[in-house]
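Computed from the coordinates by the stated procedures, all read-outs in this text should not be read as laboratory data. Remember, it's a predicted structure, so these values are computed and weren't measured experimentally. Quick reminder, even Gly has a Cβ in these numbers, built from the backbone with ideal geometry, and neighbours come from all protein chains shown.
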Amino acid sequence: MSKSLIQFIIEEQRQIPNASGDFTGLLSDVISACKQIAHDVNKGALIGVLGSAGSENIQGETQKKLDIITNDVFIKANEWSGHLAGMASEEMDDIYEIPKQYPRGKYLITFDPLDGSSNIDVNISVGTIFSILRCPEGVTDPKAADFLQPGTKQICAGYALYGPNTMMVITTGHGVNGFTLDRDVGDFFLTHPNMQIPADTQEFAINMSNRRYWEEPVQRYVEECVKGKDGGREKNFNMRWVASMVAEVHRILTRGGIFMYPFDTKEVGKAGKLRLLYEANPMSFIVEQAGGVCSTGRERIMELKPTGLHQRVPVILGSKNEVDRVVGYHKGK
């Protein structure tokens with residue numbers, strides 16, 4: 001049998017002098033949360049967790065019942081063990097403080113408990129995204145400002161994908177590896193070692209219904225793709241769109257492609273759709289570690305200095321040569 005996820009992390013820990021095991025313990029808690037979420041997502045209508053919860057999150061988005069349930073599952077699995085100093089969730093207005101009865105650790109975690117939840121009622125793949133940061137030195141009672149670290153400060157990022165198989169894909173800054181849940185054994189096992197994104201692709205993913213709101217560089221790029229062999233690129237492209245970032249990124253990690261949720265003028269005052277801390281940064285860390293490129297169109301995503309817990313940014317990521325082309329168009333090339 002292949003290597004389990006915990007075994008993989010422990011072996012990585014052994015390469016770090018004086019490692020305390022706290023990080024391994026934290027990842028173990030995250031894994032437990034994702035297993036429970038996988039169970040709840042899988043049961044769906046059988047346990048009455050589909051549909052709207054009748055509430056909105058801080059972004060003004062309608063919450064599904066599973067948004068609330070999975071947020072609680074993730075918090076309960078991670079608050080007690082003493083590895084975390086604090087948590088921040090896409091579904092919560094402010095940071096989550098570790099309850100006083102539990103010890104506090106040296107890490108911070110940001111997470112999207114159920115990415116793509118608008119798809120849950122139609123049985124399309126959804127996922128959980130997380131990012132682990134170090135708590136600033138000497139801080140035991142972190143505030144929101146302590147979470148506002150650029151993506152380059154991440155020490156781990158990952159996602160769980162709840163689809164035909166349940167997978168966890170993780171990077172600690174030494175490449176990207178994918179693990180598949182064996183439900184009979186109850187553990188994740190290494191099935192996709194050293195995942196790499198090819199530099200070239202003939203697939204692009206974007207919500208074409210927003211076309212009239214895009215800036216000219218994105219319109220130019222997409223028009224070239226649509227024209228295919230009859231246009232200047234002289235090759236045909238296929239378009240994909242799942243409306244679940246986890247599913248989109250997983251496809252790109254598996255076979256290449258470019259994913260775009262660019263700047264648009266659809267909603268005045270919102271620079272982008274995707275959240276920097278909960279989606280863009282962790283996915284950028286993963287994609288870059290797999291040889292891809294991630295940009296807003298003008299800046300490297302992981303170099304952005306966050307200005308708020310729920311800051312939104314444009315996202316263009318995936319196969320290097322295609323992302324570089326779009327970035328070049330933004331620079332007037």
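Values computed for the structure shown
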{"item": "Per-residue ³J(HN,Hα) for region 184-189, Karplus 6.51 cos²θ - 1.76 cosθ + 1.60, θ = phi - 60°, Hz, x for Gly and Pro", "result": "5, 8, x, 9, 8, 10"}
{"item": "Hits among aspartates and glutamates - C-alpha to C-alpha of Lys305 under 14 Å, sequence gap 8 or more where chains match", "result": "Asp146"}
{"item": "Expected 222 nm ellipticity per residue - DSSP helices of 4 or more, -39500 (n - 2.57), all of the chain, to 500", "result": "-8500 deg cm²/dmol"}
{"item": "Whole-Å distance, taken between Cα centres, linking region 264-298 and region 84-138", "result": "18 Å"}
{"item": "Partners for Lys227 among lysines (Cα-Cα distance below 22 Å; same-chain residues under 8 apart left out)", "result": "Lys235, Lys320, Lys333"}
{"item": "Lys/Arg +1, Asp/Glu -1 at C-beta; the chain dipole; positive extreme among Ser32, Val293, Leu5", "result": "Val293"}
{"item": "Linear extension gain, Gln7 paired with Lys331, 0.36 nm per residue minus alpha-carbon span", "result": "112.1 nm"}
{"item": "Lysines whose Cα lies under 23 Å from that of Lys65, excluding same-chain neighbours fewer than 8 positions away", "result": "Lys35, Lys43, Lys76, Lys273"}
{"item": "Mean projected area in nm² (Cα convex hull; one quarter of hull surface) for region 150-192", "result": "3.5 nm²"}
{"item": "Rounded to whole Hz, the Karplus (6.51, -1.76, 1.60) HN-Hα couplings of region 83-89, x for glycine and proline", "result": "8, 10, 9, x, 9, 9, 10"}
{"item": "Cα extents of region 5-192 along the three principal axes, largest first (Å)", "result": "47, 37, 31"}
{"item": "Dipole magnitude of region 203-330, debye to nearest 20 (Cβ charges: Lys/Arg +1, Asp/Glu -1, about Cα centre)", "result": "180 debye"}
{"item": "Under the Karplus curve 6.51 cos²θ - 1.76 cosθ + 1.60, θ = phi - 60°, whole-Hz ³J(HN,Hα) for region 286-302, x wherever Gly or Pro sits", "result": "5, 5, 5, 5, 9, x, x, 10, 9, 8, 7, x, 10, 9, 5, 4, 6"}
{"item": "As computed over the chain, the Cα convex hull volume per residue (Å³)", "result": "142 Å³"}
{"item": "Cβ-placed point charges (K, R +1; D, E -1), dipole of the chain about Cα centre in debye, nearest 20", "result": "700 debye"}
{"item": "Within region 301-325, backbone nitrogen closer than 16 Å to the virtual label 7 Å beyond the Cα of Gln196 toward Cβ", "result": "319-321"}
{"item": "Dipole in debye (nearest 20) - region 137-288, about Cα centre, beta carbon charges: Lys, Arg +1; Asp, Glu -1", "result": "480 debye"}
{"item": "R0 of 25 Å, Cβ-Cβ distance Lys100-Val139: FRET efficiency to nearest 0.05", "result": "0.95"}
{"item": "Rg/Rg_globular for region 203-330, with Rg_globular taken as 2.2 N^0.38 Å and Rg from C-alpha atoms", "result": "0.99"}
{"item": "Among Glu91, Glu234, Glu248: highest mean-square fluctuation, GNM of the chain, C-alpha pairs under 10 Å", "result": "Glu234"}
{"item": "Full-stretch length increase - Val268, Lys305 - with 0.36 nm per residue and alpha-carbon distance subtracted", "result": "11.1 nm"}
{"item": "Cα long-axis angle, helix 216-227 against the chain (0 to 90 degrees, to the nearest 10)", "result": "70 degrees"}
